[in-house]
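Single-structure report; data block below.
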């Protein structure tokens, strides 16, 4: 359960944060949710499970979840989100911290680490996207295995500029079931996540779908700078993950002394699909670098 929550003033508005667990003398874990445009809900299962061991901090990035949703899309830049992260650490007194980023959160984590902040004890790159072009290539490779009729709908909608149509969304669901989340979520969970999702952020920063990077992150690639990351690092992904094992392994090889783990039956949501294994892998790594 959340033991403390509130709002912090950042550039462009207020962001919501929640703290799970009591301070027990251990270094807290700060989580960075995916998206861009997702919310703390994706981090909630991890926070709830780890709270007995240490404090876990979740927050909704500006434009998402319970945080303010300004209409000024110029605020939705990775540079501003990096500054937002630094402000959270300062405001909450996180002088020493472990940080876990998931999906888009690994982009944010990478760019934050490249500013050489003090006090980051370890970094976890969960289902990472550290090259937009590799991500799209992987997505399009997986797409070839979808049923032919699904591929046809996706291509037709993309050609006609109707990626916001119901037909496109329905076709995408087959990809999601295979490579995003392989366990069924309740209708209540789906509704909560949909309500919390910042569509404006996702569309502006990424694009209309996982296959089409047309937003401000379309040229993102930090593979040439991963060697500058010096904190103990762990890279994880699922065997069926849209963040493919091949790409995740490639990133891990570029970070000095980094560790790598693949969850055998998971896709992009190992935190749900193999919860106990995910929890054990993360907690073991953190304890080792406490």
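The values are calculated or read from the model by the stated rules, or taken from the named source; none is laboratory data. Owing to the predicted nature of the structure, the values given are computational and were not obtained by experimental measurement. So basically every Cβ, Gly included, is an ideal-geometry build from the backbone, and we count neighbours across all protein chains shown.
Which ones in segment 47-77 are outside any loop (DSSP other than H, G, I, E, B), buried (at least 18 other Cβ atoms within 10 Å of the Cβ), in contact (Cβ under 8 Å) with a residue 40 or more places away in the chain and over 13 Å from the mean Cα position of the chain (by Cα)?
49, 50, 57, 75
Does residue 210 qualify as being touching a residue at least 40 places away in the same chain (Cβ under 8 Å) and touching a helix residue (DSSP H, G or I) at 6+ places or on another chain (Cβ under 6 Å)?
Taking the combined requirement at face value, the residue satisfies it.
Out of the residues in segment 20-43 that are in contact (Cβ under 8 Å) with a residue 40 or more places away in the chain and part of a strand (DSSP E or B), which is farthest from residue 201 (Cα to Cα)?
Among residues in segment 20-43 that are in contact (Cβ under 8 Å) with a residue 40 or more places away in the chain and part of a strand (DSSP E or B), the one farthest from residue 201 (Cα to Cα) is 29.
Looking only at segment 126-141, how many residues end up being assigned to a helix (DSSP H, G or I) and either under 19 Å from the mean Cα position of the chain (by Cα) or buried (at least 18 other Cβ atoms within 10 Å of the Cβ) (or both)?
The number of residues fulfilling the criteria is 8.
Output the number of the condition that residue 217 fails; it satisfies all remaining conditions of (1) surrounded by 17 or more Cβ atoms within 10 Å (Cβ to Cβ); (2) farther than 19 Å from residue 107 by Cβ; (3) touching a helix residue (DSSP H, G or I) at 6+ places or on another chain (Cβ under 6 Å).
(2)
Within segment 181-199, restricting attention to residues that are touching a helix residue (DSSP H, G or I) at 6+ places or on another chain (Cβ under 7 Å) and surrounded by fewer than 18 Cβ atoms within 10 Å (Cβ to Cβ), which residue is farthest from residue 79 (Cα to Cα)?
Ranking the qualifying residues of segment 181-199, first place goes to 183.
For segment 237-245, check the following and say yes or no: at least one residue is over 15 Å from residue 179 (Cβ atoms) and at pLDDT 95 or above.
no
Considering only segment 115-125, I want to know if a residue exists there that is touching a helix residue (DSSP H, G or I) at 6+ places or on another chain (Cβ under 7 Å), more than 26 Å from residue 278 (Cβ to Cβ) and surrounded by fewer than 17 Cβ atoms within 10 Å (Cβ to Cβ).
yes
Regarding residue 168, is this residue in contact with a strand residue (DSSP E or B) (Cβ under 8 Å, 6 or more places away or on another chain) and either within 19 Å of residue 260 (Cα to Cα) or outside any loop (DSSP other than H, G, I, E, B) (or both)?
Here the answer is yes, as residue 168 does meet what is asked.
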